[in-house]
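Have a look at the structure below, then the notes.
Please treat every number below as a calculation from the coordinates, not as lab data. Since we're looking at a predicted model, the values are computed, not measured. Here Cβ is always computed from backbone atoms with ideal geometry, including for glycine, and neighbour counts include all displayed protein chains.
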Amino acid sequence: MSRSKTKCAACKKSIPDHEPDVMLRRLDGELRRYYHTRCSGAALDLVTDAPEVWVMTVRHIEEVAN
Ligand SMILES: [Zn+2]
């Protein structure tokens, strides 16, 4: 079991570490869901349905300019 593989809750495919993703965290529990940015529509639906339950965080990958 690898913890480094994050699966998208919408399309069930893994989200590579180098890709930015959208994280949903439930306020009433430890549950977390991750989405591709391209799948964030599904995440938005959840948040829109229950905005007081889910906290949405968009994780950006910082580019190292060099
Ligand atoms: Zn996805």
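Any chance you could run the full-extension gain for MET56 through MET23? It's 0.36 nm times the residue separation minus the Cα-Cα distance, nm to one decimal. Write out the running numbers ahead of the final one.
Numbers: separation 33, 0.36 × 33 = 11.88 nm, distance 0.57 nm.
Taking 0.36 nm per residue and subtracting the Cα distance, the gain is 11.3 nm.
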Could you state the principal axis extents of the C-alpha atoms in the chain, from the largest down, to the nearest angstrom?
41, 30, 20
Output the 0 to 90 degree angle, nearest 10, between the alpha-carbon long axis of helix 40-49 and the longest principal axis computed from the alpha carbons of the chain.
20
Once every DSSP H run of n ≥ 4 in the chain is given -39500 (n - 2.57) and the sum is divided by its residues, what mean residue ellipticity at 222 nm do you get, rounded to the nearest 500 deg cm²/dmol?
-4500 deg cm²/dmol
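With an 8 Å Cα cut-off and a minimum separation of 6 or more residues, compute the relative contact order for the chain in percent. Intermediate values should be presented prior to the final figure.
Values: 95 pairs, mean separation 21.7, N = 66.
Averaging sequence separation for qualifying contacts and normalising by length gives 33 percent for the chain.
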By the mean-Cβ-within-10 Å protection proxy, highest first, 31-42, 7-18, 49-60 rank as 31-42, 7-18, 49-60
Output the antiparallel fraction of DSSP beta bridges having both residues in the chain, as a percent to the nearest 5.
95
